[in-house]
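What follows draws every value from the coordinates through simple rules; no lab data is involved. These numbers come from a predicted model, not from an experiment. Cβ sites come from the backbone with ideal geometry, for glycine too, and all protein chains shown count toward neighbours.
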């Protein structure tokens, strides 16, 4: 079965960024990054998940953190200059980003929201992020990822 050409993949192709697509079996009951990492024999901290948050003023941001970490909303708010941030409602995800839960990526989103990436990204030679569809990850260098999403790095996650 051919891997679908998502908007994220098309953008990478047009940007001459070297990447690899990794296909995995989707379990709709378990869309966690840890589960995905296990299926692909990757370290969970190398499988970055993309979360979407918003401020009281309805400013939207992507938070990209290791798959086995939790988002530190206070640290993220401080980085963005917002007083407070919260996760967006699941029902708003597709209309804001063009993507569904388990397939969200900051690459080629419906709108270019600011992207904040956890500083642990710099610990890896290659990381993975969603390709914009459930069941496919993009593996690329942290530098290429940060370049394509215009990401800002900060300490925005914690391990519980």
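Of all DSSP beta bridges confined to the chain, the antiparallel ones make up roughly 75%. Summary of the geometry: the stretch 115-138 and the stretch 18-63, compared by the centres of their Cα atoms, lie 7 Å apart. As a ratio to 2.2 N^0.38 Å, the alpha-carbon radius of gyration computed for the stretch 35-82 takes the value 1.36. For the chain, a Gaussian network of Cα nodes joined below 10 Å ranks 140, 12, 90 by mean-square fluctuation, and the top entry is 90. Cβ crowding within 10 Å, taken as a proxy for footprinting-reagent exposure, orders 50, 120 from fewest neighbours to most as 120, 50. Computed over the chain, relative contact order equals 29 percent, with contacts defined as Cα pairs under 8 Å that lie 6+ residues apart. Projection of the Cα convex hull of the stretch 50-139, averaged over all directions and equal to a quarter of that hull's surface, yields 5.8 nm². Computed over the stretch 2-71, the P(r) curve from all C-alpha pair distances, binned at 5 Å from the origin, holds 3, 13, 16, 20, 23, 15, 7, 2, 0 percent per bin. The sum of -39500 (n - 2.57) across all DSSP H runs of n ≥ 4, divided by the residue count of the chain, sets its helix-only mean residue ellipticity at 222 nm to -5500 deg cm²/dmol. Extension gain, residue 78 to residue 20, is 17.5 nm, computed as 0.36 nm per intervening residue step minus the present C-alpha separation. Summarising the overall dimensions of the chain from its C-alpha atoms, the Rg and Dmax are 14.5, 47 angstrom.
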